[in-house]
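Peer 1: I'd like to ask some things about the structure below.
Bear in mind these aren't lab numbers, they're just calculated from the coordinates by the rules spelled out. Quick caveat: nothing in here was measured; it's all calculated off a predicted structure. Every residue, glycine as well, gets a Cβ built from its backbone with ideal geometry; the counts of neighbours run over all protein chains shown.
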């Protein structure tokens, strides 16, 4: 590993760097997000950027993509100093960005999504033949395996990601920024993505790869830059650097493990689902005849490629979605017809998979987000009124205990990094001491330090008798934390597996249907 901050020299072939950032500093009110950042990316390499949540990675990439303008420092592209005042400037300069949350219209075809905003026309109308020709050419050239006329809603997660990559390539990008590109992929899809990145490299394109999965970073990257608390602290060669060394450089601690201690499962059920069926708008049910039990002190994991009914299952348990049939029993009571508020007040905790859409009010201060969903109970209320003083004080407690990094409880939630937003939500839910916690992707988009803290919180809650229904795209997390592990495919539970003797590759096979119909040890 090398120390950051050295001036460096051009690549050995004498060509300038594809991207060079010198002394980049970006300030926001009350915080310095980036401080004297140095980054050098060679043309035709996969360059990984790793660091804790709140370390400044997203701010830096938004600066490179023209969404922020630096207060200090210089951006050079292919050796030329460049001013990027907007994403349009970045696109014109050959920089494309694939965001973690896909920006696709489900009811449009692959072709329509890719060309949207850059449509080739003939006689004032979309030239579908020309668009299709260019897309097939891109697909063949970079092994993307795209079918232009397929609806996006019919695609799996891996295919959707390739559509996003094709969108930026279609606009002429020669440098691609990929933000957490493997967050929702199963191992087979990760391998396919890495194959796509290999094709991009062979064609001379450059990839900046942001990830929290250090083993994947070491596998795919040619070089690694580590950012800590807003500044670059080191560079690393993935061929000679271990994941443990990267973790220590990032957070000063060893790489965490999700593995649980001895069993804490008790006999008493806290959640029982019987014949649960949730309708969909068209076709087969979103959830089809699911039977499931979560006991006190038990973590029940649900694995599945996204879009196979996990989200609808969670919403049904929370009372956010109507049932076609079946019952929901909680702590010995039939709550099938209960409102979401009644379920929450009875002791049902909820970490939603989409914190922006379901878990937070981004324009509201942290103290208001702290009481969100708990506004009928202390410390949120005194009598009939919101107790702002107590809510602020308890928000400050959560910030201390859960390491939520923000200036104070009046900070807007939208000003926090994704990891700090997630820690606030987890602190809010844990503070209510629920009997059952629905944890949907609890560590998505968080760094290894925050991930370790969340794992320990879930383990401790399990040991104290809390039941946990865990939905995650992190297969190591599912295998390590779960006492019982089910696989959901096309709305049904198709396998019950023993986490103690299961590999991520085997689990991925069940998730994609390679072992459809087989049932492992329960």
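Peer 1: Could you work out [θ]222 nm for the chain from helices alone, using -39500 (n - 2.57) per DSSP H run of at least four and dividing by all its residues? Round to the nearest 500 deg cm²/dmol. Please list the in-between numbers first.
Peer 2: Values: 16 runs with 160 residues, N = 522.
Result for the chain: -9000 deg cm²/dmol, rounded to the nearest 500.
Peer 1: So, one more: Once you keep just the Cα pairs under 8 angstrom separated by 6 or more residues, what percentage relative contact order results for region 354-433?
Peer 2: Working: 86 pairs, mean separation 29.2, N = 80.
Value for region 354-433: 36 percent.
Peer 1: Another question about this same structure. Based only on the alpha carbon positions, what is the Kirkwood hydrodynamic radius of region 38-107, in angstrom? Walk me through the intermediate numbers first.
Peer 2: Values: mean 1/r = 0.0733 Å⁻¹.
Over region 38-107, the inverse of the mean reciprocal pair distance is 13.6 Å.
Peer 1: Could you calculate, for region 354-433, the ratio of the Cα radius of gyration to the Kirkwood radius, expressed as Rg to Rh? Show your work: numbers first, answer last.
Peer 2: On the way: Rg = 11.3 Å, Rh = 12.2 Å.
With Rh from the inverse mean 1/r over Cα pairs, Rg/Rh is 0.93.
Peer 1: Further, regarding this structure: In Å, the Kirkwood hydrodynamic radius of region 62-149 over pairs of distinct alpha carbons? Walk me through the intermediate numbers first.
Peer 2: Numbers: mean 1/r = 0.0652 Å⁻¹.
For region 62-149, the Kirkwood estimate is 15.3 Å.
Peer 1: How do 25, 121 rank when sorted from fewest to most other Cβ atoms within 10 Å of their own Cβ? Could you put the intermediate results ahead of the total?
Peer 2: Details: 25 17, 121 10.
Ranking 25, 121 by Cβ neighbours within 10 Å, fewest first, gives 121, 25.
Peer 1: Can you put 193, 372 in order, fewest other beta carbons within 10 Å first? Display every interim value, and only then the final one.
Peer 2: Working: 193 20, 372 16.
By the 10 Å Cβ count, ascending, the order reads 372, 193.
Peer 1: Sticking with this structure for a sec: Assuming R0 = 45 Å, can you tell me the calculated FRET efficiency for the pair residue 88 and residue 463, based on Cβ-Cβ distance, to the nearest 0.05? Display every interim value, and only then the final one.
Peer 2: Values: r = 53 Å, r/R0 = 1.17.
Using R0 = 45 Å, I get an efficiency of 0.30.
Peer 1: Can you give the three extents of the C-alpha atoms in region 265-424 along their principal axes, from longest to shortest, in whole Å?
Peer 2: 47, 32, 31
Peer 1: Return the equivalent ellipsoid semi-axes of region 209-345 as a descending list in whole Å, where each equals the square root of 5 times an eigenvalue of the C-alpha gyration tensor. Walk me through the numbers on the way to the answer.
Peer 2: Values: eigenvalues 359, 77, 39 Å².
For region 209-345, the semi-axes come out at 42, 20, 14 Å.
Peer 1: Here's something else I'd like to know. Relative to 2.2 N^0.38 Å, what does the C-alpha radius of gyration of region 420-468 come to as a ratio? Two decimals please.
Peer 2: On the way: Rg = 10.2 Å, N = 49, 2.2 N^0.38 = 9.7 Å.
After normalising by residue count via 2.2 N^0.38 Å, the value is 1.06.
Peer 1: Fewest to most neighbouring Cβ within 10 Å: what's the order for 366, 276?
Peer 2: 276, 366
Peer 1: For the peptides 240-247, 224-231, what is the packing order when you average, over each peptide's residues, the other Cβ atoms within 10 Å and list the highest mean first? Intermediate results must be reported in sequence, preceding the final value.
Peer 2: Working: 240-247: 16.8, 224-231: 21.2.
Result, highest mean first: 224-231, 240-247.
Peer 1: So how do 201-207, 384-390 stack up, highest first, on mean other-Cβ count within 10 Å? Please list the in-between numbers first.
Peer 2: Values: 201-207: 17.1, 384-390: 12.1.
Going from most to least packed, we get 201-207, 384-390.
Peer 1: Related question: Which of the peptides 80-88, 312-320, 212-220 is most tightly packed, and how do the rest follow, judged by the mean count of other Cβ atoms within 10 Å per residue? Walk me through the numbers on the way to the answer.
Peer 2: Numbers: 80-88: 13.0, 312-320: 21.3, 212-220: 19.7.
Highest to lowest by the protection proxy: 312-320, 212-220, 80-88.
Peer 1: In Å, what is the Rg of the alpha-carbon atoms in region 405-522, and how long is Dmax?
Peer 2: When restricted to Cα atoms, region 405-522 yields Rg and Dmax of 16.3, 52 Å.
Peer 1: Follow-up. Report for the chain the percent antiparallel among DSSP-assigned beta bridges with both residues inside it, nearest 5.
Peer 2: Values: 44 of 79 bridges.
Taking every DSSP beta bridge with both residues in the chain, the antiparallel ones total about 55 percent.
Peer 1: Suppose we keep just the alpha-carbon trace of the chain; what are its Rg and Dmax in angstrom?
Peer 2: According to the Cα coordinates of the chain, Rg and Dmax are 23.8, 72 Å.
Peer 1: Provide the gained length on full extension for the span residue 340 to residue 145, in nm with one decimal, where the gain is 0.36 nm per separating residue minus the Cα-Cα distance.
Peer 2: Numbers: separation 195, 0.36 × 195 = 70.20 nm, distance 4.27 nm.
Roughly 65.9 nm would be gained on extension.
Peer 1: With each label point set 7 Å from Cα along the Cα-Cβ vector, what nm distance links residue 229 and residue 372?
Peer 2: Result for the modelled spin labels: 2.9 nm.
Peer 1: Quote the relative contact order of the chain in percent (integer), defining contacts as alpha-carbon pairs under 8 Å separated by 6+ residues. Walk me through the numbers before you get to the answer.
Peer 2: Numbers: 1086 pairs, mean separation 83.0, N = 522.
This gives 16 percent for the chain.
Peer 1: Given bins 10 angstrom wide, list per bin the percent of all Cα-Cα distances in region 168-230, short to long.
Peer 2: 18, 55, 24, 3
Peer 1: Could you tell me the calculated FRET efficiency between residue 329 and residue 108, based on Cβ-Cβ distance and R0 = 45 angstrom, to the nearest 0.05? Intermediate results must be reported in sequence, preceding the final value.
Peer 2: Numbers: r = 41 Å, r/R0 = 0.92.
Rounded to the nearest 0.05, the efficiency is 0.65.
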